[in-house]
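Engineer: I have a structure I would like to understand better, so I am pasting it below and will then ask my questions one at a time.
Coordinate-derived values only; no laboratory data. Bear in mind that the values here come from a model prediction, so they are computed numbers and not experimental data. Ideal geometry is used to build each Cβ from the backbone, glycine not excepted, and the neighbour counts take in all protein chains shown.
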Amino acid sequence: MKRLWALLTACALLLGLTAFTALTATTASAATGCRVSYTVTNQWQDGFQAGVKVTNLGSPVSNWTLKYTWPTTSQKVTQGWNATWSQSGTAVSAAAVDWNSTLATGASADLGLTGTFSGSNPAPTAFTLNGVTCTGTVGGEDPPPTDPPPTDPPPATGTPVGINGQLHVCGTNLCNQYNRPIQLRGMSTHGLQWFSSCYNTASLDALAKDWKADLLRTAMYVQEGGYETDPAGYTAKVNSLVDAADARGMYALIDFHTLTPGDPTYNLARAKTFFASVAARNAAKKNVIYEITNEPNGVSWATIKSYAEQVIPVIRAADPDAVVVVGTRGWSSLGVSDGSNESEIVANPVNATNIMYTFHFYAASHTDTYRAAVSRAATKLPLFVTEFGTVTYTGGGAVDQASSKAWLDLLDSLKISYANWTYSDANEGSAAFKPGTCGGTDYSSSAVLTESGALMKSRISTPDSFPTS
Ligand code: IDC
């Protein structure tokens, strides 16, 4: 067996996203290119197998096609996987398939093929991604004996906040202190007015250590017995959870949980008071993200935008560098649940920097149409799934495993951060713990998990691989 390595690196050209740059001045990022590595993993008489890894170094792309050229007319693709492969003359195309059709910044797709050749089997040239040439040099047929296989850097050690530090929005992504896109995966509390007993030393240790969560969302309802009944008490409760998350190296997403009434301006004065206080108190912390309204409903995007443009300056005055997340129309569905979509935001974005837009879904209720909207919107807007459930929008019912998996795979591929509803023992399908769990001390064994909890723990506890350079 003869081994052939050819590593093609570099790529400098933009990925053709000028159209969206023009549309969304506040959100577009300059694409920087792509990287392709082509590796012959096995070769025999007149035949071979190769892997092609394409990494998107620019803004997210969707429906991509990778093309290249064989140096000889004898080289033919006989079979390919993880893409739809075709060949005409020496020109080869590999078009994305459904499940890998969107590539986030920094994300890769691993393709493979078997082929035939006669005589020599030189590595391909002229790789392009969506028509843009990926330049570079192609290695020779034989690797130098010491040529190591391409490897990813070793995973960083430390807590999520320790590694990533102060976050900011870059292009359509959430980026860390190294200006690299990251995804935060975590859990939302239930209403603090009802489930305070679920947030204690043992449960938060379990969230940080067993679940390896990056993020705790503190759902502070404003109505339904929440903030409006005791502003000082609920503000203190949120601050103590920010501290508890910080002590464990987790980010804290401070959720001003408006729901009914759906018009956020109903709570404008309360929001200004609350955010002036928590932003001043937590300004020096690196772990705080502000979510200024949970699920606006029954109001236009213009009303939500106006609310955001009144609350954001209050936060900035006290805490200038924190990321702020803005709810969207139709229960934070980007407008889809109101028969609209993300284009109303793209056309009329909030006049502020370092902000993201909220998308919420409940997997058993919101499926393909909503996933399509997120795939589209993610190329234009920085999105944060600050709340989602594995069940129906009522918060109850059975876990929809297939839809939940489709959603989580999509969010992972787009590096969209998320918090799951709920880290609680509420008597409803969306809760992670069985009823009664918060009356005890065990938050770690599998016996206390619901089906939703087991699913979410399995997804959140996988390694993060946050970039450090
Ligand atoms: C639900 C809770 C439920 C509670 C109800 C009260 O799961 O126990 O009785 O709120 O308002 C949302 C909201 C979130 C809802 C959740 C499930 O942000 O507050 O929680 N949901 O209905 N949006 C879509 C679904």
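Engineer: For the chain, with the dipole built from +1 on Lys and Arg beta-carbon atoms and -1 on Asp and Glu ones, taken about the Cα centre, which of P349, L408, G440 lies farthest toward the positive end?
Structural biologist: P349
Engineer: Taking only the alpha carbons of the chain, what extent do you get along each of the three principal axes, in Å, biggest first?
Structural biologist: Each principal axis gives a Cα extent; for the chain these are 81, 50, 39 Å.
Engineer: When the helices in the chain are scored as -39500 (n - 2.57) per DSSP H run of 4 or longer and the sum is shared across all residues, what 222 nm value do you end up with, to the nearest 500 deg cm²/dmol?
Structural biologist: -7000 deg cm²/dmol
Engineer: Semi-axes of the equivalent ellipsoid for the range 158-310, please: Cα gyration tensor eigenvalues, times 5, square-rooted, ordered largest first, whole Å.
Structural biologist: In descending order the semi-axes read 25, 20, 13 Å.
Engineer: Okay, moving on. Quick one: helix 401-414 against the long Cα principal axis of the chain, what's the angle to the nearest 10°, folded into 0 to 90?
Structural biologist: Here the helix axis deviates by roughly 70 degrees.
Engineer: Moving on. I need the per residue convex hull volume for the range 377-469, using only the alpha carbons, in cubic angstrom as a whole number.
Structural biologist: Details: hull volume 11.1 nm³, N = 93.
Residue-normalised Cα hull volume stands at 119 Å³.
Engineer: Hey, which of these cross-link pairs are over 26 Å Cα-Cα: K53/K415; K405/K434; K209/K237; K53/K76; K212/K380? Can you show the working numbers first?
Structural biologist: Details: K53/K415 18 Å; K405/K434 22 Å; K209/K237 22 Å; K53/K76 19 Å; K212/K380 30 Å.
Those over the limit are K212/K380.
Engineer: From the gyration tensor of the Cα coordinates in the range 223-370, what semi-axes in whole Å does the equivalent ellipsoid have, largest first, with each one equal to sqrt(5λ)?
Structural biologist: On the way: eigenvalues 126, 53, 51 Å².
Calculated on Cα positions only, the semi-axes equal 25, 16, 16 Å.
Engineer: While we're on this one: If you take every DSSP beta bridge fully contained in the chain, what fraction is antiparallel? Give it as a percent rounded to 5.
Structural biologist: Around 65 percent antiparallel, to the nearest 5.
Engineer: To the nearest 20 debye, what charge dipole does the chain have about its Cα centre, counting +1 at the Cβ of each Lys and Arg and -1 at the Cβ of each Asp and Glu?
Structural biologist: 780
Engineer: Using the number of other C-beta atoms within 10 angstrom as an exposure proxy, rank W81, W331, W64 with the fewest first.
Structural biologist: W81, W64, W331
Engineer: On to the next question. Which of the peptides 441-447, 261-267 is most tightly packed, and how do the rest follow, judged by the mean count of other Cβ atoms within 10 Å per residue?
Structural biologist: Peptide ranking by packing, descending: 261-267, 441-447.
Engineer: Please report the relative contact order for the chain, taking Cα pairs under 8 Å with a sequence separation of at least 6, and give it as a percent rounded to a whole number.
Structural biologist: Computed value for the chain: 15 percent relative contact order.
Engineer: Based on the Cα coordinates of the range 418-457, what is the per residue volume of their convex hull in Å³? Present the calculation step by step, with values, prior to reporting the outcome.
Structural biologist: Working: hull volume 2.5 nm³, N = 40.
It is 61 Å³ per residue.
Engineer: Only four residue types carry charge here, +1 at the Cβ of Lys and Arg and -1 at the Cβ of Asp and Glu. Report the dipole size of the range 315-469 about the Cα centre in Debye, rounded to the nearest 20.
Structural biologist: Once rounded to the nearest 20, the dipole reads 220 debye.
Engineer: Beta carbons within 10 angstrom, averaged per residue: use that to sort the peptides 169-175, 69-75, 249-255, highest first.
Structural biologist: Put in order of decreasing packing, that is 249-255, 169-175, 69-75.
Engineer: Taking neighbour Cβ counts within 10 Å as the exposure measure, how do F466, F359, F274 sort from fewest upward? Write down the numbers at each step before the final one.
Structural biologist: On the way: F466 20, F359 28, F274 24.
So the ranking, lowest neighbour count to highest, is F466, F274, F359.
Engineer: Any idea what angle helix 301-318 forms with the longest principal axis of the chain, computed on alpha-carbon atoms, 0 to 90 degrees, nearest 10?
Structural biologist: Once rounded, one gets 80 degrees.
Engineer: Relative contact order for the range 271-405: what percent, with Cα pairs under 8 Å and sequence separation of 6 or more?
Structural biologist: 21
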